[in-house]
């Protein structure tokens, strides 16, 4: 009797479990894009350096990297000049090179699993739907060009991530 009850409850619960797992993959893919955008914005503000968010449809990846390899120097105030580093500082390799005081570049690349980037649209671009790869620049004040990304799972479900000019993301399931 117990085995019959367990069998029936398993049969009843299985479809909703499968549907939940499918929806979770799509949510994780959308969340990855949102978190990468948040990371790019935060790093642009904290490092006072423009950051890029690269969305690559062909490779199905999301990447965050500095726009320039070395952050620009801060302007000096009231005539103060930057002094050169002391000559006794050497690199960890033992060479007689000065140690760089700039932090290493911050990069992040994530492959999307079980979902595909379906479409990318960025405001202020000449074409509507973007090419295979799009770069969104996050400025040092935390702003970016508004963009929209559609991700699709293997079952055809779609989530749309919309990011406005102040980098506030909104995620919705298409059809809602």
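What follows is calculated from the coordinates using simple rules that are stated; it is not laboratory data. No experiment lies behind these values; they were computed from the predicted model shown. Ideal geometry is used to build each Cβ from the backbone, glycine not excepted, and the neighbour counts take in all protein chains shown.
One table, with the values for the structure above:
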read-out	value
Calculated FRET value between residue 132 and residue 111, using beta carbons and R₀ = 22 Å, to 0.05	0.90
Length released on extending from residue 67 to residue 6, taking residue separation times 0.36 nm less the Cα-Cα span	16.2 nm
